[in-house]
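Asker: Take a look at the following structure, please.
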Amino acid sequence: MPDYRPPLDRELLLADVAEMYYLEGKRQSEIAHLIGLTTSMVSRLLTEAHQRHMVDIRIRRPLQSDYALENELRERYALQTVCVVTVRNHEFTFLKYLGGAGAQTFKRFLTPNSIIGVAWGTTLSILADELEVPAPVPSRLVELVGAMGSRNSEYEGHGIITRLADKLGSEHYILNSPFLCSTAATAQALLANEILSRPLDLARQAQIALMGAGSLELPYATVYRYGYFSSEMMEELRQAGAVGNVCGLYYDINGRDAGADFCDRVITIKKEDLLSIPIRIVVAGGDDKVKPILGALRGGYLNVLVTDSLTARMVLDMDEKH
(Lines give C-alpha, C1' and ligand atoms only; values in the text may rest on other atoms or scores of the structure.)
Protein backbone atom coordinates (compact mmCIF):
# COMPACT_ATOMS: atom_id res chain seq x y z
CA MET A 1 0.00 0.00 0.00
CA PRO A 2 1.50 3.41 -0.99
CA ASP A 3 2.25 5.90 1.77
CA TYR A 4 -0.72 8.10 2.66
CA ARG A 5 -0.13 11.82 2.18
CA PRO A 6 -2.67 13.97 4.06
CA PRO A 7 -4.25 16.60 1.77
CA LEU A 8 -3.38 20.21 2.40
CA ASP A 9 -7.03 21.29 2.44
CA ARG A 10 -8.44 20.77 5.96
CA GLU A 11 -11.92 19.78 4.78
CA LEU A 12 -10.42 17.08 2.57
CA LEU A 13 -8.42 15.85 5.56
CA LEU A 14 -11.58 15.73 7.68
CA ALA A 15 -13.37 13.80 4.92
CA ASP A 16 -10.48 11.32 4.63
CA VAL A 17 -10.39 10.68 8.36
CA ALA A 18 -14.18 10.29 8.55
CA GLU A 19 -14.26 7.88 5.59
CA MET A 20 -11.47 5.73 7.01
CA TYR A 21 -13.18 5.56 10.40
CA TYR A 22 -16.87 5.20 9.44
CA LEU A 23 -16.76 3.57 6.00
CA GLU A 24 -13.56 1.52 6.08
CA GLY A 25 -13.82 0.53 9.75
CA LYS A 26 -10.26 1.53 10.65
CA ARG A 27 -9.40 2.15 14.30
CA GLN A 28 -8.36 5.66 15.33
CA SER A 29 -4.86 4.40 16.11
CA GLU A 30 -4.57 2.96 12.56
CA ILE A 31 -5.67 6.26 11.04
CA ALA A 32 -3.21 8.14 13.22
CA HIS A 33 -0.36 5.91 11.97
CA LEU A 34 -1.42 6.38 8.33
CA ILE A 35 -1.60 10.16 8.41
CA GLY A 36 1.22 10.76 10.88
CA LEU A 37 -0.80 12.29 13.72
CA THR A 38 -1.61 11.26 17.25
CA THR A 39 -4.70 9.24 18.13
CA SER A 40 -6.06 12.15 20.17
CA MET A 41 -5.69 14.42 17.13
CA VAL A 42 -7.66 11.92 15.01
CA SER A 43 -10.39 11.94 17.65
CA ARG A 44 -10.51 15.76 17.49
CA LEU A 45 -10.70 15.65 13.68
CA LEU A 46 -13.68 13.27 13.86
CA THR A 47 -15.39 15.61 16.31
CA GLU A 48 -14.74 18.55 13.99
CA ALA A 49 -16.15 16.61 11.03
CA HIS A 50 -19.37 16.13 13.03
CA GLN A 51 -19.50 19.79 14.00
CA ARG A 52 -19.15 20.80 10.34
CA HIS A 53 -22.04 18.45 9.45
CA MET A 54 -19.75 16.39 7.20
CA VAL A 55 -20.88 13.15 8.88
CA ASP A 56 -24.48 11.96 8.71
CA ILE A 57 -25.23 8.92 10.88
CA ARG A 58 -28.61 7.22 10.57
CA ILE A 59 -29.77 4.53 12.96
CA ARG A 60 -32.33 2.13 11.49
CA ARG A 61 -34.08 1.05 14.67
CA PRO A 62 -36.36 -1.98 14.10
CA LEU A 63 -39.98 -1.14 14.84
CA GLN A 64 -41.54 -3.39 17.45
CA SER A 65 -45.33 -3.73 17.56
CA ASP A 66 -47.55 -4.26 20.60
CA TYR A 67 -49.87 -6.95 19.26
CA ALA A 68 -52.09 -7.07 22.35
CA LEU A 69 -52.91 -3.37 22.07
CA GLU A 70 -53.39 -3.69 18.32
CA ASN A 71 -55.94 -6.46 18.78
CA GLU A 72 -57.78 -4.58 21.53
CA LEU A 73 -58.08 -1.42 19.43
CA ARG A 74 -59.06 -3.35 16.32
CA GLU A 75 -61.84 -5.22 18.08
CA ARG A 76 -63.17 -2.32 20.15
CA TYR A 77 -63.45 0.12 17.24
CA ALA A 78 -63.97 -2.31 14.34
CA LEU A 79 -60.82 -1.07 12.60
CA GLN A 80 -59.47 -2.66 9.46
CA THR A 81 -55.80 -2.30 10.40
CA VAL A 82 -53.96 -1.13 13.52
CA CYS A 83 -50.24 -0.55 14.00
CA VAL A 84 -49.07 0.18 17.56
CA VAL A 85 -45.33 0.80 17.68
CA THR A 86 -43.66 0.24 21.06
CA VAL A 87 -41.95 3.31 22.55
CA ARG A 88 -40.35 4.00 25.94
CA ASN A 89 -41.45 7.63 26.28
CA HIS A 90 -42.95 10.59 24.48
CA GLU A 91 -39.74 12.50 23.94
CA PHE A 92 -39.36 14.03 20.49
CA THR A 93 -37.60 11.01 18.95
CA PHE A 94 -40.75 8.90 19.32
CA LEU A 95 -42.32 10.83 16.43
CA LYS A 96 -39.63 9.46 14.13
CA TYR A 97 -40.63 5.90 15.03
CA LEU A 98 -44.29 6.82 14.60
CA GLY A 99 -43.63 8.36 11.20
CA GLY A 100 -41.68 5.26 10.17
CA ALA A 101 -44.54 3.00 11.26
CA GLY A 102 -46.96 5.23 9.36
CA ALA A 103 -44.84 4.94 6.22
CA GLN A 104 -44.74 1.13 6.49
CA THR A 105 -48.51 0.97 7.00
CA PHE A 106 -49.19 3.37 4.12
CA LYS A 107 -47.08 1.20 1.81
CA ARG A 108 -49.31 -1.81 2.54
CA PHE A 109 -52.20 -0.06 0.80
CA LEU A 110 -50.28 1.48 -2.10
CA THR A 111 -51.26 0.23 -5.54
CA PRO A 112 -50.50 1.77 -8.93
CA ASN A 113 -53.00 4.29 -10.29
CA SER A 114 -54.52 5.00 -6.88
CA ILE A 115 -55.91 8.38 -5.89
CA ILE A 116 -54.51 9.38 -2.49
CA GLY A 117 -55.81 12.27 -0.41
CA VAL A 118 -53.23 13.90 1.85
CA ALA A 119 -53.66 16.25 4.82
CA TRP A 120 -50.88 18.03 6.73
CA GLY A 121 -49.12 18.04 10.10
CA THR A 122 -45.89 17.19 11.90
CA THR A 123 -46.28 13.40 11.88
CA LEU A 124 -47.25 13.27 8.20
CA SER A 125 -44.18 15.34 7.39
CA ILE A 126 -42.00 12.77 9.17
CA LEU A 127 -43.87 9.98 7.36
CA ALA A 128 -43.02 11.61 4.04
CA ASP A 129 -39.35 11.74 5.04
CA GLU A 130 -39.33 8.11 6.19
CA LEU A 131 -41.17 6.66 3.19
CA GLU A 132 -39.02 4.53 0.91
CA VAL A 133 -40.30 2.54 -2.07
CA PRO A 134 -38.15 0.21 -4.20
CA ALA A 135 -39.78 1.36 -7.43
CA PRO A 136 -42.14 4.15 -8.52
CA VAL A 137 -45.83 3.74 -7.72
CA PRO A 138 -47.59 5.99 -10.27
CA SER A 139 -50.56 7.55 -8.51
CA ARG A 140 -52.43 10.80 -8.14
CA LEU A 141 -51.97 12.64 -4.86
CA VAL A 142 -54.34 15.42 -3.91
CA GLU A 143 -54.56 17.77 -0.95
CA LEU A 144 -57.59 17.33 1.28
CA VAL A 145 -57.23 20.61 3.17
CA GLY A 146 -56.41 24.22 2.32
CA ALA A 147 -53.01 25.71 3.10
CA MET A 148 -51.96 26.89 6.54
CA GLY A 149 -49.67 29.50 5.03
CA SER A 150 -47.07 28.56 7.61
CA ARG A 151 -43.42 29.52 7.43
CA ASN A 152 -42.70 25.91 8.43
CA SER A 153 -43.45 24.64 4.94
CA GLU A 154 -42.17 21.11 5.65
CA TYR A 155 -45.22 20.50 7.88
CA GLU A 156 -47.61 22.23 5.51
CA GLY A 157 -49.65 20.34 2.92
CA HIS A 158 -47.83 21.63 -0.16
CA GLY A 159 -44.45 20.51 1.12
CA ILE A 160 -45.66 17.10 2.27
CA ILE A 161 -47.54 16.22 -0.91
CA THR A 162 -44.63 17.36 -3.09
CA ARG A 163 -42.15 15.15 -1.21
CA LEU A 164 -44.50 12.16 -1.34
CA ALA A 165 -45.08 12.65 -5.07
CA ASP A 166 -41.33 12.81 -5.73
CA LYS A 167 -40.75 9.54 -3.87
CA LEU A 168 -43.66 7.73 -5.51
CA GLY A 169 -43.10 9.13 -8.98
CA SER A 170 -46.67 10.42 -8.93
CA GLU A 171 -48.70 13.40 -10.04
CA HIS A 172 -49.90 15.77 -7.34
CA TYR A 173 -52.70 18.31 -7.16
CA ILE A 174 -52.52 21.35 -4.92
CA LEU A 175 -55.55 22.89 -3.21
CA ASN A 176 -54.69 26.56 -3.74
CA SER A 177 -56.72 28.13 -0.98
CA PRO A 178 -56.31 29.11 2.65
CA PHE A 179 -57.30 26.61 5.31
CA LEU A 180 -59.40 29.14 7.23
CA CYS A 181 -61.39 32.02 5.70
CA SER A 182 -62.53 35.16 7.48
CA THR A 183 -66.22 34.37 6.90
CA ALA A 184 -68.39 31.44 5.88
CA ALA A 185 -69.48 33.41 2.81
CA THR A 186 -65.87 33.72 1.67
CA ALA A 187 -65.35 29.99 2.09
CA GLN A 188 -68.49 29.22 0.08
CA ALA A 189 -67.41 31.59 -2.68
CA LEU A 190 -64.01 29.90 -2.92
CA LEU A 191 -65.54 26.44 -2.95
CA ALA A 192 -67.84 27.53 -5.78
CA ASN A 193 -64.82 28.43 -7.92
CA GLU A 194 -64.38 25.75 -10.58
CA ILE A 195 -60.59 25.80 -10.59
CA LEU A 196 -60.41 25.58 -6.81
CA SER A 197 -63.03 22.85 -6.60
CA ARG A 198 -61.23 20.49 -9.02
CA PRO A 199 -58.80 19.09 -6.42
CA LEU A 200 -61.69 18.42 -4.02
CA ASP A 201 -63.62 16.74 -6.85
CA LEU A 202 -60.63 14.43 -7.30
CA ALA A 203 -60.36 13.92 -3.54
CA ARG A 204 -63.90 12.55 -3.48
CA GLN A 205 -62.68 9.74 -5.75
CA ALA A 206 -59.75 8.79 -3.51
CA GLN A 207 -59.11 5.22 -2.43
CA ILE A 208 -56.79 6.28 0.43
CA ALA A 209 -56.80 9.23 2.82
CA LEU A 210 -53.58 9.93 4.74
CA MET A 211 -54.21 12.12 7.79
CA GLY A 212 -53.20 13.17 11.28
CA ALA A 213 -55.38 14.01 14.27
CA GLY A 214 -55.11 17.64 15.33
CA SER A 215 -54.97 18.64 18.98
CA LEU A 216 -56.46 21.68 20.72
CA GLU A 217 -54.02 21.56 23.63
CA LEU A 218 -51.60 24.47 23.90
CA PRO A 219 -48.80 24.76 23.05
CA TYR A 220 -48.80 21.43 21.17
CA ALA A 221 -51.42 22.13 18.49
CA THR A 222 -49.69 22.56 15.13
CA VAL A 223 -52.02 25.35 13.96
CA TYR A 224 -51.22 27.30 17.14
CA ARG A 225 -47.50 26.52 17.29
CA TYR A 226 -46.90 27.92 13.83
CA GLY A 227 -49.00 31.03 14.37
CA TYR A 228 -52.01 30.20 12.22
CA PHE A 229 -54.53 30.13 15.07
CA SER A 230 -54.56 32.44 18.08
CA SER A 231 -55.09 31.22 21.63
CA GLU A 232 -58.52 32.92 21.49
CA MET A 233 -59.52 30.85 18.44
CA MET A 234 -58.39 27.69 20.17
CA GLU A 235 -60.41 28.59 23.26
CA GLU A 236 -63.46 29.28 21.08
CA LEU A 237 -63.26 25.76 19.70
CA ARG A 238 -62.79 24.23 23.14
CA GLN A 239 -65.81 26.14 24.44
CA ALA A 240 -67.79 24.64 21.57
CA GLY A 241 -66.86 21.19 22.88
CA ALA A 242 -64.18 20.35 20.33
CA VAL A 243 -61.32 18.08 21.38
CA GLY A 244 -59.63 17.58 18.02
CA ASN A 245 -59.94 17.51 14.25
CA VAL A 246 -59.22 15.39 11.21
CA CYS A 247 -58.74 17.43 8.01
CA GLY A 248 -60.04 20.50 9.83
CA LEU A 249 -63.31 18.77 10.70
CA TYR A 250 -63.69 19.40 14.44
CA TYR A 251 -65.48 17.01 16.78
CA ASP A 252 -66.11 16.38 20.47
CA ILE A 253 -64.94 13.45 22.61
CA ASN A 254 -67.79 11.32 21.25
CA GLY A 255 -66.96 12.09 17.62
CA ARG A 256 -69.91 14.43 17.11
CA ASP A 257 -69.50 17.60 15.05
CA ALA A 258 -68.32 20.59 17.12
CA GLY A 259 -67.71 24.26 16.33
CA ALA A 260 -70.04 24.41 13.33
CA ASP A 261 -69.64 28.18 12.87
CA PHE A 262 -65.89 27.77 12.80
CA CYS A 263 -65.94 24.76 10.48
CA ASP A 264 -68.09 26.66 7.97
CA ARG A 265 -65.06 28.89 7.37
CA VAL A 266 -62.68 26.01 6.63
CA ILE A 267 -61.67 24.88 3.13
CA THR A 268 -61.53 21.11 3.34
CA ILE A 269 -63.14 17.93 2.07
CA LYS A 270 -66.71 17.47 3.29
CA LYS A 271 -67.20 15.01 6.11
CA GLU A 272 -69.50 12.73 4.12
CA ASP A 273 -66.97 12.63 1.27
CA LEU A 274 -64.13 11.82 3.65
CA LEU A 275 -66.06 9.01 5.30
CA SER A 276 -66.77 7.47 1.89
CA ILE A 277 -63.03 6.98 1.18
CA PRO A 278 -62.37 3.22 1.61
CA ILE A 279 -59.00 3.46 3.42
CA ARG A 280 -58.75 6.28 5.97
CA ILE A 281 -55.38 6.25 7.72
CA VAL A 282 -54.72 8.37 10.80
CA VAL A 283 -51.15 8.57 12.11
CA ALA A 284 -50.98 10.25 15.53
CA GLY A 285 -49.44 9.86 18.96
CA GLY A 286 -48.49 11.73 22.11
CA ASP A 287 -50.20 12.84 25.32
CA ASP A 288 -52.00 15.69 23.55
CA LYS A 289 -53.40 13.34 20.88
CA VAL A 290 -55.32 11.01 23.22
CA LYS A 291 -58.61 12.95 23.06
CA PRO A 292 -58.34 13.68 19.32
CA ILE A 293 -57.74 9.99 18.57
CA LEU A 294 -60.59 8.82 20.81
CA GLY A 295 -63.02 11.31 19.28
CA ALA A 296 -61.94 10.32 15.76
CA LEU A 297 -62.39 6.63 16.58
CA ARG A 298 -65.86 7.19 18.01
CA GLY A 299 -66.82 9.36 15.05
CA GLY A 300 -65.65 6.81 12.48
CA TYR A 301 -63.19 9.19 10.85
CA LEU A 302 -60.65 6.40 10.36
CA ASN A 303 -60.45 2.68 9.80
CA VAL A 304 -56.65 2.39 9.91
CA LEU A 305 -54.81 3.66 12.99
CA VAL A 306 -51.07 4.08 13.48
CA THR A 307 -50.05 5.15 16.98
CA ASP A 308 -47.62 4.30 19.75
CA SER A 309 -48.01 1.99 22.74
CA LEU A 310 -48.25 4.74 25.38
CA THR A 311 -50.91 6.66 23.47
CA ALA A 312 -52.86 3.49 22.67
CA ARG A 313 -53.04 2.55 26.36
CA MET A 314 -54.21 6.06 27.31
CA VAL A 315 -56.88 6.05 24.60
CA LEU A 316 -58.29 2.73 25.83
CA ASP A 317 -58.20 3.90 29.45
CA MET A 318 -59.97 7.16 28.62
CA ASP A 319 -62.58 5.29 26.62
CA GLU A 320 -63.41 3.19 29.65
CA LYS A 321 -63.68 6.28 31.89
CA HIS A 322 -65.85 8.24 29.44
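Asker: Confirm whether Thr111 is out of contact with any helix residue (DSSP H, G or I) (no Cβ under 7 Å at 6 or more places or on another chain), over 30 Å from Leu294 (Cβ atoms) and either among the hydroxyl-bearing types (Ser, Thr, Tyr) or assigned by TED's automatic domain parsing to the domain that holds Met211 (or both).
Answerer: Working: out of contact with any helix residue (DSSP H, G or I) (no Cβ under 7 Å at 6 or more places or on another chain): yes; over 30 Å from Leu294 (Cβ atoms): yes; either among the hydroxyl-bearing types (Ser, Thr, Tyr) or assigned by TED's automatic domain parsing to the domain that holds Met211 (or both): yes.
For Thr111, the condition - out of contact with any helix residue (DSSP H, G or I) (no Cβ under 7 Å at 6 or more places or on another chain), over 30 Å from Leu294 (Cβ atoms) and either among the hydroxyl-bearing types (Ser, Thr, Tyr) or assigned by TED's automatic domain parsing to the domain that holds Met211 (or both) - is met.
Asker: On the given criteria, is Gly100 within 19 Å of the chain's Cα centre (by Cα) and either within 24 Å of Leu294 (Cβ to Cβ) or exposed (fewer than 13 other Cβ atoms within 10 Å of the Cβ) (or both)? Break it down stepwise before answering.
Answerer: Details: within 19 Å of the chain's Cα centre (by Cα): yes; either within 24 Å of Leu294 (Cβ to Cβ) or exposed (fewer than 13 other Cβ atoms within 10 Å of the Cβ) (or both): yes.
Yes.
Asker: Separate question: Answer with yes or no whether Ile160 is in the same structural domain as Leu141 (by TED's automatic domain parsing), under 17 Å from Asn113 (Cα atoms) and touching a residue at least 24 places away in the same chain (Cβ under 8 Å).
Answerer: It is false that Ile160 is in the same structural domain as Leu141 (by TED's automatic domain parsing), under 17 Å from Asn113 (Cα atoms) and touching a residue at least 24 places away in the same chain (Cβ under 8 Å).
Asker: Return the residue satisfying two criteria in turn: it lies in the stretch 204-228 and is modelled with pLDDT under 95 and hydrophobic (A, V, I, L, M, F, W, C), and of such residues it is surrounded by the fewest Cβ atoms within 10 Å (Cβ to Cβ).
Answerer: Looking at the filtered set, the residue picked out is Leu218.
Asker: Out of Ala206, Ala185, Ala260, report the one residue that is aliphatic (A, V, I, L, M) and touching a Ser or Thr at 6+ places or on another chain (Cβ under 9 Å). Quick ask: steps written out before the conclusion?
Answerer: On the way: Ala185 fails: touching a Ser or Thr at 6+ places or on another chain (Cβ under 9 Å); Ala260 fails: touching a Ser or Thr at 6+ places or on another chain (Cβ under 9 Å).
Residue meeting the stated conditions: Ala206.
Asker: Consider only pairs whose beta carbons are under 6 Å apart and that are at least six residues apart or on different chains; among these, list those whose first residue lies in the stretch 248-270 and is assigned by TED's automatic domain parsing to the domain that holds Arg238 and assigned to a loop (DSSP other than H, G, I, E, B) and whose second residue is surrounded by 15 or more Cβ atoms within 10 Å (Cβ to Cβ) and among the acidic types (Asp, Glu).
Answerer: Within 6 Å, the pairs are Ala258/Asp252.
For (1) of a type in the set (A, V, I, L, M, F, W, C); (2) assigned to a helix (DSSP H, G or I); (3) under 15 Å from the mean Cα position of the chain (by Cα), each residue gets a yes or a no:
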site: Thr105; (1), (2), (3): no, yes, yes
site: Gly117; (1), (2), (3): no, no, yes
site: Pro136; (1), (2), (3): no, no, no
site: Asp166; (1), (2), (3): no, yes, no
site: His172; (1), (2), (3): no, no, no
site: Asn176; (1), (2), (3): no, no, no
site: Ala185; (1), (2), (3): yes, yes, no
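Asker: I'd like the full set of residues that are touching a Leu at 6+ places or on another chain (Cβ under 6 Å) and either under 17 Å from Gln80 (Cβ atoms) or in a loop (DSSP other than H, G, I, E, B) (or both), limited to the stretch 203-215. Give the derivation first.
Answerer: Quick first cut of the stretch 203-215, residues touching a Leu at 6+ places or on another chain (Cβ under 6 Å) only: 203, 212.
Passing the criteria: only Gly212.
Asker: Within the stretch 216-247, which residues are out of contact with any Leu (no Cβ under 8 Å at 6 or more places or on another chain), in a helix (DSSP H, G or I) and farther than 22 Å from Val283 by Cα?
Answerer: Glu232, Met233, Glu235, Glu236, Gln239
The values are calculated or read from the model by the stated rules, or taken from the named source; none is laboratory data. All values reported here derive from a predicted model rather than from experimental measurement. Glycine also receives a Cβ, built like all others from the backbone with ideal geometry; neighbour counts cover every protein chain displayed.
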